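The values are calculated or read from the model by the stated rules, or taken from the named source; none is laboratory data. On a predicted model such as this, the values are computed, not experimentally measured, just so you know. Every residue, glycine as well, gets a Cβ built from its backbone with ideal geometry; the counts of neighbours run over all protein chains shown.
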Amino acid sequence: MLHQKQIAKAALVFSLFCNQAFALSIDDSKHLLLRAGFAAQPDLMASVSGLSKSQSIDLLLNKSPKKMAVPECVLSKPPARKVRKSMTKEARRGLQKAQRECINDFKPAYLAYLVQDEAILTHQMTLFWHNLFTSSFRKVKSANLIYEQHNTLQQHALGNFAQLLNALVKDPAMLIYLDNVSNTKKRPNENLARELLELFTLGEGNYSEQDVVSAAKALTGLGVDRNTYQQRFNAKRHDNSVKNIFGTLKINDADQLLNAILSQAQSSRYLTERIWLHFISKANDQQIERLAKGFAKDWNIKKLVRQVLLSDAFWQDQGQMFKSPVELVVGSGKMFGGVKITAKRMLRMAKQMGQNVFDPPNVKGWPTGSGWVDANTLIVRQQYSNQLIRALRSDMRALNEKVCSMSFLKSLSAFELPKMQSMQSMNNDICAQQLTQIISDPKWQLK
């Protein structure tokens, strides 16, 4: 047994040495950028060239996002309660229409932001948290509140999970979306409590119905001020009794509830597995368990993501996952920035492929992995590829210098590509043929 442990330890040390010492291959660089970002952009490929795995990962982890440019309407909070009550029915309808228009402008602005900004790993994790802590425009009906929630998710995307959880449970959009604004000691509402346990922290089957009841009571009185649209705690609506949760723990309020949840070993394991499966196609129970124990000590998301990306399982998993619709359209935008595919068209195609940004289908969020692809969405994915090909072909003269280099064509896929023409014979027609062949290939859909 000791001999086996020594072998395992030596293998781990050797793996860490390789991660630190050897420069990434071209294929490994493309794999990292596809999984930790959206596309193997030539500028980022050049940035990681010559770096080791750990250096490349640190480069991506430490890129800070720029501020997103949003429509002016997104920055305006909904009118106060008194103002709304004084409105005529026609004025309210006008307000609702304006809000829908604002939302329709905000969504493509977000996709354009993802295309332009370089903090790709932060954005990957922000989208991950969006899919875990789901909220939707359809229910919240405020672009401003969803925008503020997005800012919270982005701020904590690679930060401390305990702080992120605390911020999201008390987030106005979340409190509205999961009906905690109606959760009072006289009429408890269990929606937020149930999703907090099942979807946000522990996973299905790792809590009891009594735990849900106790969690709901602890969350009573936590609501939203309808004048300022900030989170507000109403002590008169709070159930101040002592509640039992997870068998022996006693809690009273939201803060004690969150501490109790994070004290459960299952919470770190559940979250570690979710993050692992965001980057790697198959779970590895032994590795997940090891990482989860470390994660529970400090809830450091950046450190956990770094460990997942440094794992051998990550580097051996090339081409085993489908790109999400947002990854597909944003990645195309990053690779072909000069092509006239508008952000609104990107949004429309992503929606048709099953991912309507800021409007997940339900509290469980969007699909993952192979769940992205069925007979219908596969057709839409091919339609998007065809639109991209047509857009490229219509503007080959302007794009020739960028997209018709051998290095660029090779960066379009993480996998072996068809035999390509030499640079000496790479005219517009041949380049267009190569692009068509690459983008039409089913491998274009993979990462």
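Laid out as a table, the results:
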item: Filter pass, Lys97 being touching a Phe, Trp or Tyr at 6+ places or on another chain (Cβ under 7 Å), surrounded by fewer than 18 Cβ atoms within 10 Å (Cβ to Cβ) and outside the structural domain of Thr342 (by TED's automatic domain parsing); result: no
item: Condition met for Asp312 (in contact with a strand residue (DSSP E or B) (Cβ under 8 Å, 6 or more places away or on another chain) and closer than 27 Å to Ser56 by Cβ); result: no
item: Filter result for Thr248 (polar (S, T, N, Q) and in contact (Cβ under 8 Å) with a residue 12 or more places away in the chain); result: no
item: Residue satisfying condition, being of a type in the set (Asp, Glu) and within 30 Å of Gly294 (Cα to Cα), within set Glu148, Glu118, Glu101; result: Glu118
item: Count of residues meeting criterion [assigned to a helix (DSSP H, G or I) and either in contact (Cβ under 8 Å) with a residue 60 or more places away in the chain or within 15 Å of the chain's Cα centre (by Cα) (or both)] in region 323-364; result: 16
item: Within region 365-379, tally of residues that are part of a helix (DSSP H, G or I) and surrounded by 16 or more Cβ atoms within 10 Å (Cβ to Cβ); result: 2
item: Search result, residues across region 213-238 that are within 17 Å of Arg187 (Cα to Cα), surrounded by fewer than 20 Cβ atoms within 10 Å (Cβ to Cβ) and not basic (Lys, Arg); result: Val213, Phe233, Asn234, Ala235
item: Those residues of region 239-284 which are over 15 Å from Ala193 (Cα atoms) and among the basic types (Lys, Arg), in sequence order; result: Lys250, Arg269, Arg274, Lys282
item: Extreme residue, surrounded by the fewest Cβ atoms within 10 Å (Cβ to Cβ), among residues of region 38-52 that are at pLDDT 95 or above and not aliphatic (A, V, I, L, M); result: Ser52
item: Helices (runs of 4 or more DSSP H) enclosed by region 117-205 - at least 1 residues per element that are closer than 27 Å to Ala265 by Cβ, touching a residue at least 60 places away in the same chain (Cβ under 8 Å) and of a type outside the set (A, V, I, L, M); result: 120-132, 143-156, 161-169, 191-195
